[in-house]
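Notes for the one structure printed next.
The values are calculated or read from the model by the stated rules, or taken from the named source; none is laboratory data. Because the structure is predicted, anything quoted here is derived from the model rather than measured. Cβ placement follows ideal geometry from the backbone for every residue including glycine, while neighbour counts extend to all protein chains displayed. Just the protein is used for accessible areas: all its heavy atoms, side chains included, with ligands, DNA and RNA removed. Shrake-Rupley method; radii C 1.70, N 1.55, O 1.52, S 1.80 Å.
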Amino acid sequence: MSDRQAELDALLVRIAAAPDAEALRAIERETLEKEGVVARLLASIPTLPPQERKATGQWANQMKRAVEEAASARRSAFEAAALDAERSGAGFDATIPGKRPERGSLHPVTRVTRELEDLFTSMGYVVLDGPEVELDWYNFEALNIPRDHPARDMQDTFRCDPEGNVVLRTHTSPGQVRAMERMKPPFRAIVPGKVFRQETTDASHEHTFHQMEGLVVGRDLSVGHLIGAMKTLLRGVFGREIEVRLRPGYFPFVEPGFELDARCPFCTEGCSVCKRSRWIELLPCGMVHPNVLRSGGIDPEVWSGFAFGLGLSRLVMLRYGIDDVRHLLSGDLRFLEQFA
Ligand SMILES: [Zn+2]
């Protein structure tokens, strides 16, 4: 047996016999670290005759691996022994429950969004996604809101470039045009997502909130179809029949346009949620304007459609009795843990 092999064997014997972790660490230091045997061996290579260099390098690596493996095995043995000692010692009680990891839960907006997605999917709608950073064309122009249109003032817009061609979408309605571009009529689609307004925040206004756009394109669709879809939606959210009413509302991308109110689900006599009126303003909706159908490449002579813009954040607040919209995106765990 060569001197080298004997040296390694002696090292491995010492490792296997190391009495504790400290002793083991000392052996590793003198072998593997800066001034250790392996390092010295590697450092000597340039001084050796060329024919010995390769073998010496290989040996140094082999030695390093052998020491590392032996040390790791010895360390595991120490840990197992320590655990055994703890288990057999006084005061150890195997019946004490372990510490449970903290569990997260779905955000209320996510939860309601998923429920609505399930509901609409069951009615034949597809769920679409759209960009949050949107072109002015999709956010305004294609929705029948040209540059000089006063309706633009109703939506305080975050603009992303000096020319104003790129915006943070102010509503999910650009999803209507994108849906029309992607799908052939007849179709039904919803587009849930975040929207952004440059607003002073208070209990009912937030710069970032959630909406869900809905669009149905087909032949001979009427306001009756729209009301039917909205009643199904409310039944899904509140678990029972909810009376609705339509009031005329102006939105450039629908004609006629409506504000849909729902009977306040919280009272019979008037309460703070419905401001004593017994009605809750829920969503703008209407029959899709022919110009918008044209923007989406659909012939308004053949096809008609209805659309609605559900205020998801508002619906979540109604559902869970949340009185301040700012809670939703606060990231405050005291708020979020209530939905676990
Ligand atoms: Zn009420």
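Take the residues in region 300-323 that are away from the ligand (no atom under 16 Å from the Cβ) and farther than 23 Å from ARG114 by Cβ; name whichever of them is surrounded by the most Cβ atoms within 10 Å (Cβ to Cβ). Per the stated criteria, the residue is GLY305. Note on region 228-257: among residues that are crowded, with 16+ Cβ neighbours inside 10 Å and assigned to a loop (DSSP other than H, G, I, E, B), the one that is modelled with the lowest pLDDT is ILE242.
On the stretch given as region 202-227, residues that are at pLDDT 90 or above, open to solvent by 30 Å² or more (accessible area, probe 1.4 Å) and of a type in the set (Gly, Ala, Ser) total 2.
Per-residue answers, yes or no, for (1) modelled with pLDDT under 90; (2) under 18 Å from GLU22 (Cα atoms); (3) in contact with a Leu (Cβ under 8 Å, 6 or more places away or on another chain):
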residue: VAL38; (1), (2), (3): yes, no, yes
residue: ALA71; (1), (2), (3): no, yes, yes
residue: ARG75; (1), (2), (3): no, yes, yes
residue: ALA81; (1), (2), (3): yes, yes, no
residue: ASP84; (1), (2), (3): yes, no, no
residue: SER88; (1), (2), (3): yes, no, no
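Against the test of being more than 16 Å from the ligand (Cβ to nearest atom) and over 23 Å from the mean Cα position of the chain (by Cα), the options GLU269, GLU259 yield a single qualifying residue, GLU259.
Within region 145-171, restricting attention to residues that are under 25 Å from GLY305 (Cα atoms) and modelled with pLDDT of 90 or more, the residue that is surrounded by the most Cβ atoms within 10 Å (Cβ to Cβ) is ARG169.
All but one of (1) touching a Phe, Trp or Tyr at 6+ places or on another chain (Cβ under 6 Å); (2) outside any loop (DSSP other than H, G, I, E, B) hold for TYR138, so report the exception by its number. The number of the failed condition is (1). Does SER330 qualify as being away from the ligand (no atom under 16 Å from the Cβ) and in contact with a Phe, Trp or Tyr (Cβ under 9 Å, 6 or more places away or on another chain)? Answer is no for this residue.
Quick check on this structure: which one of LEU293, LEU260 is more than 26 Å from PRO146 (Cβ to Cβ) and modelled with pLDDT of 90 or more?
LEU260
Restricting attention to region 286-299, does a residue exist that is closer than 21 Å to PHE196 by Cβ and away from the ligand (no atom under 16 Å from the Cβ)? No, region 286-299 contains no residue that is closer than 21 Å to PHE196 by Cβ and away from the ligand (no atom under 16 Å from the Cβ). Among residues of region 265-281 that are more than 18 Å from GLU241 (Cα to Cα), those with a Cβ under 6 angstrom from a residue that is open to solvent by 60 Å² or more (accessible area, probe 1.4 Å) and more than 6 Å from the ligand (Cβ to nearest atom), sequence gap 6+ or separate chain, pair up as GLY270/ARG276.
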